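Following: one structure in structure tokens, then a few remarks.
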Amino acid sequence: MSILMEPLTGGSSPGLCWSGILRTCFPILTWLPRYNFTWLKMDLIAGLTVGLTAVPQALAYAAVAGLPVQYGLYSAFMGGFIYCIFGTSKDITLGPTAIMSLLCSSYIGGDPVFAVVLTLLCGVIQTGMSLLRLGFLLDFISYPVIKGFTCAAAVIIGFGQVKNILGLKDIPQSFVLQVYYTFHKIPEARVGDVVLGLCCLLVLVTLKMMQTSLGSAEDEAPRLMRTARRLVWSLATIRNALVVIAATAVAYSAEVVGGHFFSLTGKSAKGLPSFQAPPLSEIANGTVITFSDIAKDLGGGLAVIPLMGVLESIAIAKAFGSKNNYRIDANQELFAIGLTNIMGSFVSAYPVTGSFGRTAVNSQSGVCTPAGGVVTGVIVLLSLAFLMPLFFYIPKASLAAVIICAVSPMVDFRVPVQLWRVKKLDLLPFLVTFLVSFWEVQYGIVGGIVVSAFMLLYVVARPKVKVSHHGVVVLELDSGLNFPVTEHLSKIIYTHALHASPPRCLVLDCSHVSCIDYTVVHELEELLQQFELRGTTLVFVRLKPSVLKVLLKAELPAFRHTDSIDEALQLLTELSNYDQQS
């Protein structure tokens, strides 16, 4: 069951125009007038299911970001309310994710004030990008870069939780040092944490396999059997909540009888976060850290985190929109994410984006509208209001197991094989991003983007030029003429025509050239002068009207053009050049 989330626009009537504008700005108006009891029932089921998944994940991801666990919940509810009004996908859920948590940990240093300021600035940047229609910038982050980063992030996040499975303390944040000290301190592992962590992993993997097998099973069994399958599938879907609840019960029981066998989450703030303006400064060790100081310390995070957040969310929204047969508005999605982060900063949230795992659960649960996110938000708020004292007893090993199982599907070994088969050179940005990310994740992203940009610039600067001979030299370009091409094109022309003995006439086939700039025009002017000095001719063939208009305005010397190669050859014959070189 699905609805069309694409905004509707009217005709020429002023009333219809205003209606179209309102529907574009507030996508909720496209589905709310048609809302019915059936949709409400499905949204309640999906929202509840996602909520029971979101709560344990939010607690776990806060630990990845280096923040107290309550900050994960502070970040998990605002998206449901904001996105319901401004979002264009029925499936997507906004909240803390593994990748965003890892990125944030690199910049905030475990400081909640830095996290909240980063959320505010990310929201302002993303909203500004939406209003300026800058969503196209995301197109410059290639698929190999994205996959290289997600694979590396999954390994970094997953291995970073091994210390909690083993109950180890004082492990550095740097990945290389983390690997060394984790293995070095294995003899210090706590038996209780190891046993509980491995049991949680086993249960999570088993439930995941059951969910996968039941989801692909044929539905031809008797009704009672189908009901049992749905029940088991539902329980497998909320496996994170079940495992965390069971582990917490075990840990609580152990504490009651005086046994301290597990590393616990510990004390966290009680109740709902206060709605207040985000703190723009803080006092640390008697020193006032101003807003400008915080912004400087965040540095490159103000570029990396907003872009990665938007990229992740829009990619997920597009994927599920295609799967469920509706369209999204990328710039409106950008606005919804930005506004969510701005409002989230008022409730002490750290930056959020779309979650692939929770979105998949939302879609599979049959959500009909973004109202399902409101139900999820209410579940999170209820957890904050009533369950915070119990979070003290959540074992760190159980949250580590949840994170490891959540990020493991992100390590996709098929990607490098596919890149090798399709285009081997695409492995370069993938490998650069993947390997450099183990040093610093933000450098991995930047390194991959830089390598991809150089590859793109090389293609632009070195277009393929087909050289053929029809008594004269014929060059056929396969792309536009822009300034990086000038040296390359001039070298080919000098080699095949001007430096030939004797110099030869040239026909330049521009049928694939749709744009031209001043640098190229200037170079063509010099080339035409060189042809004239050597007593030969350069003829342009099949120029597009837009390119021809530019060249005519430039008033190039001895500029000649025809509509076909045959006409060019005939023109050269009339100029007596063709016969001389035959």
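The values are calculated or read from the model by the stated rules, or taken from the named source; none is laboratory data. From a predicted model like this one, the values you see are computed outputs, not experimental measurements. When we count neighbours, we look across all protein chains shown, and the Cβ atoms used for this are built from the backbone with ideal geometry, even at glycine. For accessibility, only protein heavy atoms count, side chains too; no ligands or nucleic acids. Shrake-Rupley method; radii C 1.70, N 1.55, O 1.52, S 1.80 Å.
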Total charge dipole magnitude, the chain, about the Cα centre, Cβ charges on Lys, Arg, Asp, Glu only, Debye to nearest 20: 1780 debye
Under 18 Å from K163, Cα to Cα: lysines that are on another chain or at least 8 residues apart: K185, K396
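Mind running the shape call on the stretch 194-336? Use the C-alpha gyration tensor, a ≥ b ≥ c as the square roots of the eigenvalues: rounded below 1.5 for a/c, prolate if a/b tops b/c, oblate otherwise. Don't skip to the end; give the middle numbers.
Working: a/c = 2.93, a/b = 1.26, b/c = 2.33.
Here the stretch 194-336 falls in the oblate category.
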Whichever aspartates and glutamates have a C-alpha closer than 19 Å to that of K318, once near sequence neighbours (fewer than 8 apart) are set aside: E6, D91, D139, D329, E333
Accessible heavy-atom area order of V361, V288, highest first, probe of 1.4 Å: V288, V361
Farthest toward positive dipole pole in the chain [+1 Lys/Arg, -1 Asp/Glu at C-beta], among C200, Q442, F559: C200
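Between S490 and L548, what's the calculated FRET efficiency when r is the beta-carbon distance and R0 is 22 Å? Round to 0.05. Before the final figure, lay out each step's value.
Details: r = 21 Å, r/R0 = 0.95.
With R0 = 22 Å, the Cβ-Cβ based efficiency is 0.55.
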Between helix 518-533 and the chain: long-axis angle, C-alpha atoms, 0 to 90°, nearest 10: 20 degrees
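With the other protein chains left in place, how much accessible area per residue, in square angstrom, belongs to the stretch 242-384 at a 1.4 angstrom probe? The partial results should precede the final answer.
Numbers: 5940 Å² over 143 residues.
Accessible area per residue, the stretch 242-384: 42 Å².
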Reported label for calculated Cα extents along the principal axes in Å given (1) 108, 61, 45; (2) 67, 60, 55; (3) 106, 65, 60: (3)
Within the chain, longest stretch free of exposed GluC sites (Glu not before Pro) [DSSP loop, at most 16 other beta carbons within 10 Å]: 221-439
L533-S274 pseudo-label distance in nm [points 7 Å out on the Cα-to-Cβ vector]: 7.9 nm
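Rolling a 1.4 Å sphere over the protein heavy atoms, what is the accessible area per residue of the stretch 85-234, to the nearest Å²? Let's see the in-between values first.
Details: 7150 Å² over 150 residues.
Accessible area per residue: 48 Å².
Could you tally up the Lys pairs in the stretch 456-567 with alpha carbons closer than 21 Å? Skip any pair fewer than 8 positions apart unless they're on separate chains.
For the stretch 456-567, qualifying lysine pairs total 5.
Order 496-508, 102-114, 339-351, 389-401 from most to least packed using the mean count of other Cβ atoms within 10 Å. Provide the component values of the computation, followed by the final result.
On the way: 496-508: 18.3, 102-114: 20.7, 339-351: 25.3, 389-401: 23.7.
Output ranking for 496-508, 102-114, 339-351, 389-401: 339-351, 389-401, 102-114, 496-508.
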³J(HN,Hα) computed for each position of the stretch 40-47 - Karplus, 6.51 cos²θ - 1.76 cosθ + 1.60, integer Hz, glycine/proline x: 4, 4, 5, 5, 5, 5, 5, x
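Pulled fully out, how much extra length does the chain show between V232 and E188, if you take 0.36 nm times their separation in residues and subtract their Cα-Cα distance? Before the final figure, lay out the partial values.
On the way: separation 44, 0.36 × 44 = 15.84 nm, distance 3.85 nm.
Gain in length upon complete extension: 12.0 nm.
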Acute angle (nearest 10 degrees) that the helix 427-436 long axis makes with the longest principal axis of the chain, alpha-carbon atoms: 40 degrees
Angle in degrees between helix 396-407 and the longest Cα principal axis of the chain, rounded to the nearest 10: 30 degrees
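At 1.4 Å probe size, with the rest of the protein present, what percent of the exposed accessible area of the chain is carbon and sulfur atoms? Kindly include the intermediate steps, with their values, before the conclusion.
Values: 17810 of 27550 Å².
Carbon and sulfur: 65 percent of the exposed surface of the chain.
From the C-alpha coordinates alone, can you work out the Kirkwood hydrodynamic radius of the stretch 330-475, in Å? Mind dumping the intermediate values first?
Values: mean 1/r = 0.0482 Å⁻¹.
Roughly 20.7 Å, rounded to one decimal.
Averaged over every viewing direction, what's the projected area of the C-alpha convex hull for the stretch 409-469? Give it in nm², one decimal, please. Walk me through the numbers before you get to the answer.
On the way: hull surface 21.8 nm².
Averaging across all directions leaves 5.5 nm² for the Cα convex hull.
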All lysines inside 21 Å of K41 as judged from Cα atoms, apart from same-chain residues fewer than 8 positions distant: K90
Selection from L384, L419, M129 lying farthest towards where the dipole of the chain points positive, charges on Cβ: L384
Descending Cα extents along the principal axes, the stretch 90-237, whole Å: 55, 52, 31
